[in-house]
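Notes follow once the structure below has been shown.
Readers should treat all values here as calculations from the given coordinates under stated rules, not as data from a laboratory. As the structure is a computational prediction, the values presented were derived from the model and not from experiment. Every residue, glycine among them, receives a Cβ derived from its backbone with ideal geometry; neighbour counts consider all protein chains shown.
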Amino acid sequence: MAILNTLFSVFLLTAPAQEPRTSVRDVVALTGRVELIDKFTRSLTLRTAEGSLHTIGVGLELELFDGLKSGDKVTVRVVESVIVELHPNAKPGVVTDTTAAVKKERSGVVQQLKAVVTIESVDISTGVVVYKTGDNRRVMRAVADANLLTGLNPGAVVEVTYTRERAVDLQRQR
C-alpha cells in the first residue's frame with residue numbers, strides 16, 4: 001500500500017512521550033511531468049520519474065499555474081507534516097483518509113491520512129524501523145532522523161497522521 005509507505009517515508013517515529021510530536025518540512029524534490037491540470041480546483045497531477053502520481057493544490061499566489069499545460073516538467077515544493085502519537089491500547093488498522101474532515105477546519109489542506117501501526121523493531125544505528133499494519137503487512141522504513149527513534153520499543157502502538165498542504169513554490173524545468 002503506497003499511501004502507508006508514504007506516511008513513513010516522509011518522517012517516521014518519535015521517542016515515546018505523553019504529547020504527540022510533529023514534524024513539518026518542505027519537500028523540495030517533487031519533480032515531474034504535468035499529467036493533468038484542474039483549473040477549477042487549482043490542482044495539478046504530476047508523474048515523477050519513478051512513475052508515481054501526485055496531486056498537488058496550487059494557490060492563487062503561484063501565477064505559473066495558469067500558464068502550465070500537460071507535458072510540462074515542473075518542480076513543486078509542498079508543506080507536509082507528520083504527527084506521531086503513542087496509543088498503547090489502540091488497535092492497528094488500515095489507512096484512513098481524513099481529508100474531507102480536516103478541510104472543513106483548515107484551508108490549504110490537500111490530503112490527510114491516518115494509520116495506527118505496531119512497532120516490531122527499531123535499529124537506531126541504521127535509522128530503520130519495522131512496523132506491522134492493521135492488515136498484518138510487515139513494512140521496513142528508513143527514518144529521516146535516527147535520533148527520533150530513541151526510546152521507541154517493539155510493541156509500541158502509534159498513530160501517524162500525514163498531512164499535505166498546498167504548494168508553496170512552483171518552478172518550470174527546462
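Overview of values
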quantity: Total residues in region 80-132, condition farther than 21 Å from VAL58 by Cβ, in a loop (DSSP other than H, G, I, E, B) and touching a residue at least 24 places away in the same chain (Cβ under 8 Å); calculated: 11
quantity: Residue within region 71-78 that is exposed (fewer than 15 other Cβ atoms within 10 Å of the Cβ) and at positive phi present; calculated: yes
quantity: Set SER125, SER121, SER107: member being within 28 Å of THR41 (Cα to Cα) and either of a type in the set (S, T, N, Q) or out of contact with any Pro (no Cβ under 6 Å at 6 or more places or on another chain) (or both); calculated: SER107
quantity: Check on GLU80, among the acidic types (Asp, Glu) and under 26 Å from ALA49 (Cβ atoms); calculated: yes
quantity: Odd one out for ARG137 among (1) in contact with a strand residue (DSSP E or B) (Cβ under 7 Å, 6 or more places away or on another chain); (2) within 24 Å of LEU53 (Cα to Cα); calculated: (1)
